[in-house]
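Please treat every number below as a calculation from the coordinates, not as lab data. Bear in mind that the values here come from a model prediction, so they are computed numbers and not experimental data. Heads up, the Cβs are rebuilt from the backbone with ideal geometry, glycines too, and the neighbour counts pull from every protein chain shown.
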Amino acid sequence: MGMKIFPYVNLFGRESMAETRVLSIRGDEVLPDDEYVLLEAYCVDPRCDCKTGWITVLARRREVCVVVLHFRLFPEDNQMRIEFTGPVKAHAERVLEMVSEMLREDKHYFALVKSHYKNTKQEAKRRTKKGEAMPSLKPEDLVLHGVDGRAHRDFIRLN
Ligand SMILES: [Zn+2]
């Protein structure tokens, strides 16, 4: 049985986009100038407490997915461990460096991710209780299609 996940903004809609991080990169030695959108996705199994999630990094101007990162939360240690998932494309290592740096320096981001994980689980539990379907994707879908491609493009346009 594979893991079921779903992008946070697709689950909670437009308002949740305000809580999605964007890194504005200008004049970096490695990364092209762009707005890098960190689109989160979480495990949507209501009975699972894996504390894992994914960050799909989109370059908004170029409309490409740079990398998909996988992470695990360790709230008791106030830590988050991140790794690559799928093929590592050009610029992926630099993006991972930047996200790690942001996590070290910006405690609000860690808190935000923790709360988004919690919100996703609550929503999954609520829908299960009411007998409603919970939308889901496989982690591979993020890597291969970037949240089916369409969602990514919608996200880029809406912002
Ligand atoms: Zn899980």
Report task. May I ask which residue of P46, H116, F74 lies farthest towards the positive end of the charge dipole of the chain, with charges of +1 (Lys, Arg) and -1 (Asp, Glu) on Cβ and the Cα centre as origin? Result -> P46
Requested in this report: Work out the charge dipole of the chain with +1 on the Cβ of Lys and Arg and -1 on the Cβ of Asp and Glu about the Cα centre, then indicate which of Y36, T128, H91 is farthest towards its positive end.
Outcome: T128
Query raised in the report: With charges only on Cβ, +1 for K and R and -1 for D and E, what is the dipole size of the chain about its Cα centre, in debye, rounded to 20?
Result: 760
Query raised in the report: What is the fewest-to-most order of K125, K130 by other Cβ atoms lying within 10 Å of their Cβ?
Result: K130, K125
Query raised in the report: For the chain, modelled as a Gaussian network with Cα springs under 10 Å, which listed residue fluctuates most, R60, R26, R94?
Result: R26
Report task. As a check on your grasp of the helix formula, calculate [θ] at 222 nm for the chain: sum -39500 (n - 2.57) over DSSP H runs of n ≥ 4, divide by the residue count, round to the nearest 500. Result -> -11000 deg cm²/dmol
